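J.: Here's a structure for you.
FYI, it's all coordinate maths here, none of it is from the lab. As the structure is a computational prediction, the values presented were derived from the model and not from experiment. Note that each Cβ is placed from the backbone with ideal geometry, even for glycine, and that neighbours are counted across all protein chains shown.
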Amino acid sequence: MIANTRNRDECSARSAPLLALCLAASLTACGSLLDVDNPNNIKAEDIEKPVAATSLANGALSAVARGISGATLPYATASDELDWSGSRDSWKELELGTVHNPFNEFTDGFFPNMGRGRWLADEAVRVLELHQANLVLADPIDLARAYLYAAVAYTAVADIFEDWALSNADSAAAPYGRANMHQFYDIAVGYIDKGLAIASGEDDEVTLRLRAMRARANFAKAIWQQLHASPAQFGAIQSATAAADANAAIALLSDPDWRWDFTYSPTTISSDWGSWIASRQEMRVGAAYAAPDPSGKPTWTTTTLMDPVDNVPDPNVDRVQKALLGDLYPDFTVVSARELHVILAEDEYARNGATATFQAHVNAIRDLNGLTDWTPASTVSALNILKHERRSTIFLQGKRLADMYRFQEVDPLWLSGSEAQKAATTGPAVFFPITIIECLANPNIGSENCGK
């Protein structure tokens, strides 16, 4: 069984402050700067020992959670979810709609952490599969978790980046190419299938997470295919595979408001969201969602995204944005019961319109928010209530920019003619390129793969 709580993953890596404390103690004891016995040093081959299986799976979790914390921050800044409020020009560049610059210091700076997370998750899968084949894997759920974390990594990469190279620690890989990035969702689903074969009937929470992530990955693939169609396509989409898994996941719920969060803390790993928002105050929640502090400080206090039926501040956005206020270690929601309902609502709307099934899934979310049920008699159209509930549900989860493109919603801060503005009006979609750190280090990558 997983050692963390039912729906939260506490990332199990030492934080920089704790490492500094250990180092200080060592220096005091030995008196020599170079005479330090670091208890955290291990040999590379040690991670391949069966006794390290649980630690390796936990390490993959930590690396993936850290990578996603960083990569989704510039993504949210490029969307309308975060507004630049500080002094760093590369954040401003993203806010104004320039997405495809491989030299942007923040997309480039966060690229390695996402790469490490993906690589370590794959490495955990490789090692634990070997243990399983050799009949020395003490707890097969560790392998199921490794499959799950790898699936999260591949899904996030395909959501945020429009090209990628699956390089390893000692070998450079060729880029997949923009037209082939949908295959990352297929890799994620393949991992999930293997995880379910292990976890089903053995670990209910891991099974639920795998089912929910398969719905999420399949729906994300359908969005990717819409955004990369030629000519460009816009509007609601359907995905029978995502809907089937969403229904299967909902059937497993014991909590109707279940969500799976990555969590961060002073004793595990840090959060880039906490560092850049709460600490540095380089960004704040966007003006479309919340109002800044009346004192002029770059913080926010009042939710301004209103529920279209009850005309009150959206309760979920209010919860999320207030949880960010001053928090150096905010949670990051990977997938939730609300997202499963909104996937089912959109699939039903795209197929059949505002049916009773559509209405039931929309109102399942609204009931969790304590809001009035939506009916077809409402002055709010079915499409508009769908867009609102999805926008609220996925708030600050690294999914909004794709929705802005497919629903043709333009951030007022995007410059006319910018990459993001054109993507949302005429297409095609534009996401982050392979950044310059990989372009310079990988001889297989040419200028055509680096934002050119």
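J.: Please work out the C-alpha center-to-center distance from region 308-379 to region 46-67 and express it in whole Å.
T.: Answer, in whole Å: 35.
J.: Kirkwood Rh, Cα Rg: Rg to Rh for region 53-449?
T.: Result: Rg/Rh = 0.95.
J.: Report the Cα-based extents of region 250-371 along its three principal axes, largest first, to the nearest Å.
T.: 47, 35, 23
J.: Between 0 and 90 degrees, rounded to the nearest ten: what's the tilt of helix 382-393 against the longest Cα principal axis of the chain?
T.: Approximately 30 degrees, to the nearest ten.
J.: Okay, helix-only estimate at 222 nm for the chain: each DSSP H run of n ≥ 4 adds -39500 (n - 2.57), divide by all residues, round to 500 deg cm²/dmol; what do you get?
T.: -16000 deg cm²/dmol
J.: Hey, what does the equivalent ellipsoid look like for region 168-228, semi-axes from the Cα gyration tensor as sqrt of 5 times each eigenvalue, largest first, whole Å?
T.: Result for region 168-228: semi-axes of 26, 18, 7 Å.
J.: Hey, what's the per residue convex hull volume over the C-alpha atoms of region 54-205, in cubic angstrom?
T.: With only Cα atoms used, region 54-205 gives 132 Å³ per residue.
J.: Loop only per DSSP, at most 15 neighbouring Cβ atoms within 10 Å: give me the trypsin sites (Lys or Arg not before Pro) in region 81-142, ordered by residue number. Show your work: numbers first, answer last.
T.: Working: sites: Arg88, Lys92, Arg116, Arg118, Arg126; in loops: Arg88.
Here the sparse-neighbourhood loop sites are Arg88.
J.: Of all beta bridges DSSP finds with both residues in the chain, what is the antiparallel percent, to the nearest 5?
T.: Details: 13 of 17 bridges.
DSSP beta bridges in the chain are roughly 75 percent antiparallel.
J.: For the chain, compute the number of Lys pairs whose alpha carbons are separated by less than 21 Å, excluding pairs fewer than 8 positions apart on the same chain.
T.: Lysine pairs, 8 or more places apart or on different chains, close enough: 13.
J.: Averaged across orientations, what area in nm² does the convex hull of the alpha carbons in region 182-303 project?
T.: Computed as one quarter of the Cα hull surface, the answer is 11.6 nm².
J.: What three numbers, in Å, describe the spread of the alpha carbons of region 191-256 along their principal axes, ordered from the longest?
T.: Computed over the Cα atoms, the extents are 46, 26, 14 Å.
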